[in-house]
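Chemist: Before anything else, here's the structure in question.
Here, each number is a calculation from the coordinates, and none is a lab measurement. A quick note: this is a predicted structure, and the numbers were derived from the prediction, not measured. Heads up, the Cβs are rebuilt from the backbone with ideal geometry, glycines too, and the neighbour counts pull from every protein chain shown.
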Amino acid sequence: MKLLQGKTAIITGASRGIGKAIAIKFAEEGCDIAFTDLFYDDIAKATEAELKAMGVKAQGYASDASKFDDTQKVVDQIIADFGAVDVLINNAGITKDTLLMRMTEDQWDAVIQVNLKSVFNFTKAVQTIMLKQRSGSIVNMSSVVGVSGNAGQSNYSASKAGIIGFTKSIAKELGSRGIRSNAIAPGFIITEMTAKIPEDARKQWEASIPMKRGGTPEEVAKVALFFASDLSSYVSGQVITVCGAMNT
Ligand code: NAD
């Protein structure tokens, strides 16, 4: 029996990167996938086709996760199309890194809106259906810098620390209804997001990781599968770091 057979997952920001790796890992386990991204473009269509070829139901949706009304609309549409939501992966995220001295109000607001408000938006939108089902697993993508901070990332770290507080609160609020809420805190994962980091800074990061390499999106997806499935049926309100022992 596959771990997510007959389940439906919503994954935000999943046309590429870690979100896409989670979608593929879940599809391997028999899960139907509704995923969002800012645009339903060629990248999203290619991801959708890849998932469908794995024999599951899959559909990409254009939605800005930072927008409250957009989110309610897209979740309503997904429920109309799929009939249920068993798993929510709040994955959409951005960086606008700079030292506080140079950080603009727009850079602060954008990161908080996309990374943190999106988690509120989607969790609020799916909670009604999960409450009715009396089951559900919510997995939020935090970061090691949300646990330990990082110079030049005060906006990003604050958003990712906020996600941890939200995750733990929702675990306590909805636990009695069979809904679990957990967070993943990846370290340095090789995706387009980290490709933006200059080569010398990237080498320095890698040297500081006890496992001496960045992680892959698939390595994060395996932890998402643990949280999403019954493998973690009595685990809620937790944060697992996926960082090659960088943040211990
Ligand atoms: P990525 O940039 O490769 O992918 C992020 C996806 O989110 C993109 O497809 C992007 O279009 C989408 N997105 C951005 N804003 C959105 C919005 N407002 N609404 C909907 N979709 C939106 O990044 P990634 O490395 O795959 O990161 C995924 C998540 O993991 C993020 O939350 C990120 O903060 C977190 N994370 C990444 C790393 C890393 O090293 N890559 C480390 C820790 C945490």
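Chemist: Could you pull out every residue, at least 5 positions away or on a different chain, whose amide H is within less than 5 Å of the one on I11? Hs are placed 1.01 Å off N in the peptide plane, and Pro or chain starts have none.
Modeler: Under 5 Å from the amide H of I11 lie the amide H atoms of A34, F35, T36, I89, each far enough along the sequence or on another chain.
Chemist: So which of K67/K203; K2/K172; K117/K212; K96/K203; K7/K117 end up more than 31 Å apart, counting from Cα to Cα?
Modeler: Too far apart for the 31 Å limit: K67/K203; K117/K212.
Chemist: Please give the FRET efficiency for E105 paired with K2, using the beta carbon to beta carbon distance and R0 = 35 Å, rounded to the nearest 0.05.
Modeler: 0.15
Chemist: Strictly over 18 Å apart at the Cα level, which of K168/K222; K160/K222; K45/K73; K20/K57 would you flag in this model?
Modeler: Those over the limit are K168/K222; K160/K222; K45/K73.
Chemist: Work out the length of the dipole vector of the chain about its Cα centre, built from +1 on the beta-carbon of each Lys and Arg and -1 on the beta-carbon of each Asp and Glu, and round it to the nearest 20 debye.
Modeler: Taking the Cα centre of the chain as origin, the dipole is about 680 debye.
Chemist: From the residues V144, T191, F166, which one has its Cα farthest along the dipole of segment 117-196 in the positive direction, the dipole being from +1 and -1 charges on Cβ of Lys/Arg and Asp/Glu about the Cα centre?
Modeler: F166
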